[in-house]
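Take a look at the structure set out below.
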Amino acid sequence: MSLKISRKYVPLTATFVVFVVLFGIASLRYEGFASAAVVVELFSENAFLGICALGMTLVILSGGIDLSVGSVVGFTSTFVATMIMEYAWHPINAWAVALVLGTVFGAGMGCLIHFYKLPAFLVTLGGLFFARGMAYAVNRESLGINHDLYNGLASANIPLGGGLSLSLTASLFIAFFVLTFYIGRYTKFGRNVYAIGGDEDSALLMGLPVGRTKIGVYAFSGFCSAAAGIVMTLYTWSGNPLNGVALELDAIAVVVVGGTLLTGGVGFVAGTLLGVLIYGTIQQAIYFDGNLSSSLTSVAIGVLLLIFILLQKAIVSKGEEA
Amino acid sequence: MPDPLLSMRGISKAFPGVQALSEANLTLYRGEVHALMGENGAGKSTLIKTLTGVHQRDAGEVLFEGKPIKPAAPLEAEGLGISTVFQEVNLIPHLSVAENISLGRQRSRFGFMQWKEIRERAERALKRFDVEIDVTQEVCSYSVAIQQMVAIARAVDIDAKLLVLDEPTSSLDENEVEELFAVMRKLCAQGMGIVFITHFLDQVYSITDRITVLRNGQSIGEYETAKLPRIELISHMLGKPVDQLADTGSDGLSRSEAASQGEAWLEAKDLSKEGVMSSFDFEIRKGEAAGLAGLLGSGRTETAKLLFGILKSDTGETSMAGNSVGNPKSPRQAIARKIGFCSEDRKREGIIPNLSVRENIVLALQARKGFINTISRQEQNRIADKFIKRLRIKTPSRETPIRTLSGGNQQKALLARWLATDPDLIILDEPTRGIDIGARDEIEELIRELQKEGMAVLLISSELEEIERLCERVWVLRDRQFVGELSDEEISEKAIMSLIAHSDEMEGSDEAES
């Protein structure tokens, strides 16, 4: 074989090529697109989506799905805003409690999926309705956050030189990326996730802790969603029970565009980062153009998604022939 | 005798509705290869699974290195030094070879997994078996034989003292089997005990030291391989004492004149499929009942699947009524040639549980007609009623979902499905398994009737009496090849069993004429 890229890396490479091509086209078309500021913006604008998608990546790698992430984002943002503004909690306390709630919620769904052998789709669909309902139960209205800490954090940027700076939300996204990348590549837990997604029966017979890993994956996704909810409040300075509606679908889309196989076991955390950047690039390009409808983002993502599913199918069936 | 490495005594295990094991025993010494033999449902797998912690035993005791053990999970058994390589290779297909060997036991330094160490460890482990491959490639990019070696490397990588190999050779070719045996001998020389489960008798006699036979969940006995003639081993497995076997052929059944003469309706020459079946010739005439006999895994079902086009033959030539027609490419084509196939696994390959008896019966006929040419409801009712009556299918009505029927009646409905297509040849794979005696007699009666009407019947059965009662010609299979052909008076349980039992060296002398 003259092909130097291992079959394993084909989807990741394809994702990278798509990103470079899209960014290149946008740079040629729109003046000022090819700038560091736009790249930084890609991270800031999509931080909450990105953090959800990172959690989702591990869930999908394990062969599961988590539909509850958008609702958990909505609940967390409302919860944090309400606790700070109406109950005068310190934001740090509100964040800590929100992260614990998100993690426990995810772990709970994981337990239902593992112990009762229920389909993840249905359990997390239940979670979607439950968390959205809880968001409304906490507060029916959008609520602005006005707190010294929030005011202070707005300027807590990491200077990158050249007048550029990385916002707190973008830094959090990058931190979560590093964390998830580390889990996926360098921990037993992460490798067990791949094994379970690849062949759960084999994983069980190999003596891997299947139950613990599955529950852990949903707990991590819940943790990520809660963190994304907090990032949302930092980004919008408010909490709204409507936040993150259908965000789970965007998250699934960027994970798949990132080259992760929806059936589990194959994929890369880095692919998801690229998926988010592709998503962001399309959005930015439409924003730069000014004449294009924002609904084109959906159209473009939809087309990309279908192309990637076909690509994966081709790779998988080629693998079976070999 | 030294102390045994493993001693399982009086192991019982029940599942809802079945007593899978009752008081089974197994004793294994260090450095021996021990065969665990038995037909389907004998309890081999259950016994292994209770040993390795997949199932929990209901009763009995297990001593490993003299200490009582009761592992609650495979991981715990592994920790004790009991490793298993299961029938299907149990690896994670899209992870690398190296990772598959280390999975669950990787070591980390400063919280980071040491990938280099994982690779080196895998290379070392495989080198022990003289396997040198790129361990960073995905496991699924290698042949099954290599995957098998990887699975064994994984199993012994943890200082295993006891290795269970559950049908590791079923998809390997001869050279690969030899390589595997070399590895097994090496491991035994290092003091490991190996439990070897296989259907291949030649392999049992070439590698194992002792044999434990199970039947219906009970231990039949423990034998030294060298002192147990094959015919006795088979008689233990099938539960038929050698001296009680009737020597004479079947009686009473009059063979139709037409059946023994005339040209073949279907003739297949030199069919084979690599790794599945060695080359064989087959022919059947109209109105003839032929049988395929052999132990489980001998290639009976595979032969049928080759004839029916489910498996595609690599070689050979099929002709019908003397004209060459090419080997069947698909079941659809076989059906068009008026061949029907009643599969062994009713539940998975046969009935569609939630459809009605009528719908199940007309299914194959409809498939042949295509979806535009629908069969009218009236016609469907007529066909369904005809077969319900003719086969005496006991069902409240033709619209009853088939899953609510008893096994025997489901089998009859399945048979009706193929009869509705009016085939010239019907292949019946274990048509009487798991159904009661009354229904069995009815199905046998029906086979005779069909034959009288001029249909050719190919019967696959583990019940040697059934073959003896019904068939005019029998091919005997062993280790995925045809080892003999018997016809008319030659057919007896004993003759079939001795053909199954014969080793390669003895084959030539008393093989039946062909």
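The values are calculated or read from the model by the stated rules, or taken from the named source; none is laboratory data. Predicted, not measured: the structure shown is a model, and the values here were computed from it. Backbone-built Cβ (ideal geometry, glycine too); neighbour counts: all protein chains shown. Side chains are part of the model used for accessible areas, which takes the heavy atoms of the whole protein and leaves out ligands, DNA and RNA. Shrake-Rupley method; radii C 1.70, N 1.55, O 1.52, S 1.80 Å.
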Here are some residues: B:Gly454, B:Gly484. Which one is open to solvent by 10 Å² or more (accessible area, probe 1.4 Å), over 14 Å from B:Val357 (Cβ atoms) and in contact (Cβ under 8 Å) with a residue 12 or more places away in the chain? B:Gly454
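With segment B:4-114 as the region, which helices (runs of 4 or more DSSP H) entirely inside it contain at least 3 residues that are under 25 Å from B:Gly297 (Cα atoms)?
Details: elements: B:44-51, B:74-80, B:97-102.
Once the helices (runs of 4 or more DSSP H) in segment B:4-114 are filtered for at least 3 residues that are under 25 Å from B:Gly297 (Cα atoms), what remains is B:44-51.
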Is it fair to say A:Ile282 is over 28 Å from A:Leu101 (Cα atoms), out of contact with any Lys or Arg (no Cβ under 7 Å at 6 or more places or on another chain) and open to solvent by less than 10 Å² (accessible area, probe 1.4 Å)? no
Given (1) within 14 Å of another protein chain (Cβ to nearest Cβ); (2) of a type outside the set (A, V, I, L, M); (3) open to solvent by 20 Å² or more (accessible area, probe 1.4 Å); (4) under 19 Å from A:Val254 (Cβ atoms), A:Lys8 misses just (4)
Out of all the residues in segment B:37-68, which are open to solvent by less than 20 Å² (accessible area, probe 1.4 Å) and within 12 Å of another protein chain (Cβ to nearest Cβ)? B:Ile48, B:Thr52, B:Gly53
(1) under 27 Å from B:Gly81 (Cβ atoms); (2) away from chain A (no Cβ under 14 Å); (3) among the charged types (D, E, K, R): which one isn't true of B:Asp166, the others all being true? (2)
Do you know which residues across segment B:377-419 are open to solvent by 20 Å² or more (accessible area, probe 1.4 Å) and within 20 Å of B:Glu344 (Cβ to Cβ)? B:Arg403, B:Ser406, B:Gly407, B:Trp418
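Inside segment B:123-142, can you point out the residues that are of a type outside the set (D, E, K, R) and either away from chain A (no Cβ under 14 Å) or open to solvent by 20 Å² or more (accessible area, probe 1.4 Å) (or both)? Walk me through how you get there before you give the answer.
Step one: list which residues in segment B:123-142 are of a type outside the set (D, E, K, R), which gives B:125-126, B:129, B:131, B:133, B:135-137, B:139-142.
Selection gives B:Ala125, B:Leu126, B:Phe129, B:Val131, B:Ile133, B:Thr136, B:Gln137, B:Cys140, B:Ser141, B:Tyr142.
Residues in segment A:115-140 that are open to solvent by 60 Å² or more (accessible area, probe 1.4 Å) and without any contact (Cβ under 8 Å) to a residue 24 or more places away in the chain: how many? Reasoning before the result, please.
The initial filter retains those residues of segment A:115-140 that are open to solvent by 60 Å² or more (accessible area, probe 1.4 Å), namely A:115-119, A:121-122, A:129-130, A:134, A:136-137, A:140.
Within this subset, residues satisfying the condition of being without any contact (Cβ under 8 Å) to a residue 24 or more places away in the chain are A:116-119, A:122, A:137.
Here the count works out to 6.
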Of (1) within 23 Å of A:Gly211 (Cβ to Cβ); (2) within 13 Å of chain A (Cβ to nearest Cβ), B:Phe110 satisfies all except one. Which? (1)
Got at least one residue in segment A:28-38 being under 19 Å from A:Ile301 (Cα atoms) and either touching a residue at least 24 places away in the same chain (Cβ under 8 Å) or in contact with a Leu (Cβ under 9 Å, 6 or more places away or on another chain) (or both)? no
Say whether the condition of being β-branched (Val, Ile, Thr), within 8 Å of chain A (Cβ to nearest Cβ), surrounded by fewer than 21 Cβ atoms within 10 Å (Cβ to Cβ) and free of Cβ contacts under 8 Å to residues at least 40 places away in the same chain is met by at least one residue in segment B:69-88. no
Qualifying position, being within 14 Å of another protein chain (Cβ to nearest Cβ) and not charged (D, E, K, R), among A:Gly162, A:Gly184: A:Gly184
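Does A:Val178 satisfy being farther than 30 Å from B:Gly104 by Cβ, among the hydrophobic types (A, V, I, L, M, F, W, C) and either free of Cβ contacts under 8 Å to residues at least 60 places away in the same chain or open to solvent by 40 Å² or more (accessible area, probe 1.4 Å) (or both)?
Values: farther than 30 Å from B:Gly104 by Cβ: no; among the hydrophobic types (A, V, I, L, M, F, W, C): yes; either free of Cβ contacts under 8 Å to residues at least 60 places away in the same chain or open to solvent by 40 Å² or more (accessible area, probe 1.4 Å) (or both): yes.
So A:Val178 does not fit the description; no.
So which residues in segment A:193-250 are part of a loop (DSSP other than H, G, I, E, B), within 14 Å of chain B (Cβ to nearest Cβ) and either out of contact with any helix residue (DSSP H, G or I) (no Cβ under 9 Å at 6 or more places or on another chain) or open to solvent by 30 Å² or more (accessible area, probe 1.4 Å) (or both), if there are any at all? Before the answer, list the steps.
As a first pass, look at segment A:193-250 and keep what is part of a loop (DSSP other than H, G, I, E, B): A:199, A:206-209, A:237, A:240-246.
If we keep only those that are within 14 Å of chain B (Cβ to nearest Cβ) as well, we get A:199, A:206-209.
Listed by number, the residues that qualify are A:Asp199, A:Pro209.
Have a look at A:Ala88, A:Ala107, A:Ala96, A:Ala81 and point out the one that is assigned to a helix (DSSP H, G or I), surrounded by fewer than 15 Cβ atoms within 10 Å (Cβ to Cβ) and hydrophobic (A, V, I, L, M, F, W, C). Let's see the steps before the verdict.
Working: A:Ala88 fails: assigned to a helix (DSSP H, G or I); A:Ala107 fails: surrounded by fewer than 15 Cβ atoms within 10 Å (Cβ to Cβ); A:Ala81 fails: surrounded by fewer than 15 Cβ atoms within 10 Å (Cβ to Cβ).
It is A:Ala96.
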